[in-house]
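Taking it in order: structure first as structure tokens, then the write-up.
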Amino acid sequence: MIIADHHLNLLADIGGTNARFALYTSDKGIHDEQTLSCKEYPTLELAIEDYCRRKNAEPLRACIAIATPVVNDFIQMTNHHWGFSVNALQHHFAWQKLVVLNDFEALAMSLPHLSEKELITIGPTLRAEPGVKAVIGPGTGLGVASLMRSSSRWHALAGEGGHVSYAVQNDREFALLKVLQTRFNGYVSAERVASGPGLVNIYEGLAKVDGVTVSPLTPAEITERAHNGDRRCLEVMEIFLRALASTAGNVALTVGARGGVYIGGGIVPRLGSLFDAEAFRRNFENKGRFSSYLKSIPVWMIDSPHPAFVGAVHALQLG
């Protein structure tokens, strides 16, 4: 339930590439969404100021969901150079209240409020049991969070599950892992493969494995070439999706996500025909003795423009 709130609130969903903003009041709901490029602004403060100036808005409160651990007063982004003090930011804008949380913590808080129209079933239609829900999603990084229910409300649990070890599934991926270990000082996380930059890492890593020279490509270019049937880029997509599915299965086992696993982030919904739901489900369930445990867990793809804003509204009212 959303509490009546007639004050103007700023909502922000800050990733490593884009800063998404919106305004919220209980009578108008979430409105005036706009996406700004992080690289165009030296600081988060300047991005907020520009958005508020464009919308002629003077919010009294704010909730910022950001792609990095939120532990202390000073927040330093993992995949971008922005850093800020929570207290200083609130003082700078004279906000009555500021809530800062991990971006996937906000996404997790949105899960109970998403409609069936905003969810695409991956694999068989299964009934979610009461219990923990998990969300994972690739973007500039790989976000992970979970959600559990108490007697009175849902509680989101932030984590950094995208930085667990990348688990290879075959000899080809083992060869890729060896290349990436050299590139990343010995440690390769799931995020180094199952993310936008991960597509580039796979593409360039496979070229090194094969001893061939390739032209530099962006994640968007790799995706486009895969759509056009490029064999190397199709292999990149297969490895990317296998890593994502396997990591999602690991998350489900770790938190006991009997309430379902949700795939978020901006990449997967845009893959279209490149996304093989049957293969994804097979790799999600491929956990040896515990494959049967995962077979009963539903998996959905989130197909909603800005679900983190929904979670941010609830975080602002609970925080």
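The values are calculated or read from the model by the stated rules, or taken from the named source; none is laboratory data. In this text the structure is predicted, and so the values were computed from the model without any measurement. We place every Cβ from the backbone using ideal geometry, glycine too, and count neighbours over all the protein chains shown.
Rundown of residues vs (1) of a type in the set (Gly, Ala, Ser); (2) closer than 16 Å to ALA243 by Cα; (3) modelled with pLDDT of 95 or more, yes/no style:
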{"position": "LYS178", "(1), (2), (3)": "no, yes, yes"}
{"position": "THR182", "(1), (2), (3)": "no, no, yes"}
{"position": "ALA190", "(1), (2), (3)": "yes, yes, yes"}
{"position": "GLY196", "(1), (2), (3)": "yes, yes, yes"}
{"position": "LEU199", "(1), (2), (3)": "no, yes, yes"}
{"position": "TYR203", "(1), (2), (3)": "no, yes, yes"}
{"position": "ALA220", "(1), (2), (3)": "yes, no, yes"}
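Out of ARG61, ARG53, report the one residue that is among the basic types (Lys, Arg), under 20 Å from GLN34 (Cβ atoms) and under 25 Å from the mean Cα position of the chain (by Cα). Explain how you work it out, then say what you get.
Details: ARG53 fails: under 25 Å from the mean Cα position of the chain (by Cα).
Going through ARG61, ARG53 in turn, the sole match is ARG61.
When you go through ALA158, ALA145 one by one, which is the residue that is assigned by TED's automatic domain parsing to the domain that holds LEU244 and surrounded by fewer than 21 Cβ atoms within 10 Å (Cβ to Cβ)? Reasoning before the result, please.
Details: ALA145 fails: surrounded by fewer than 21 Cβ atoms within 10 Å (Cβ to Cβ).
Selected residue: ALA158, the only one of ALA158, ALA145 that is assigned by TED's automatic domain parsing to the domain that holds LEU244 and surrounded by fewer than 21 Cβ atoms within 10 Å (Cβ to Cβ).
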Among the residues of the stretch 284-293, are any of a type in the set (S, T, N, Q), farther than 19 Å from ILE122 by Cα and in the same structural domain as PRO124 (by TED's automatic domain parsing)?
no
Give me a count of the residues in the stretch 126-183 that are more than 14 Å from the chain's Cα centre (by Cα), assigned to a helix (DSSP H, G or I) and not hydroxyl-bearing (Ser, Thr, Tyr).
12
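Scan GLY265, GLY256 and give me the residue that is on the phi > 0 side of the Ramachandran plot, out of contact with any Lys or Arg (no Cβ under 7 Å at 6 or more places or on another chain), surrounded by 24 or more Cβ atoms within 10 Å (Cβ to Cβ) and touching a residue at least 60 places away in the same chain (Cβ under 8 Å).
Numbers: GLY256 fails: surrounded by 24 or more Cβ atoms within 10 Å (Cβ to Cβ).
Going through GLY265, GLY256 in turn, the sole match is GLY265.
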Given the conditions (1) part of a helix (DSSP H, G or I); (2) more than 17 Å from the chain's Cα centre (by Cα); (3) of a type outside the set (D, E, K, R), report the number of the one that ALA312 does not fulfil.
(2)
Helices (runs of 4 or more DSSP H) fully within the stretch 11-116 counting 1 or more residues that are in contact with a helix residue (DSSP H, G or I) (Cβ under 9 Å, 6 or more places away or on another chain) and surrounded by fewer than 21 Cβ atoms within 10 Å (Cβ to Cβ):
44-55, 86-93
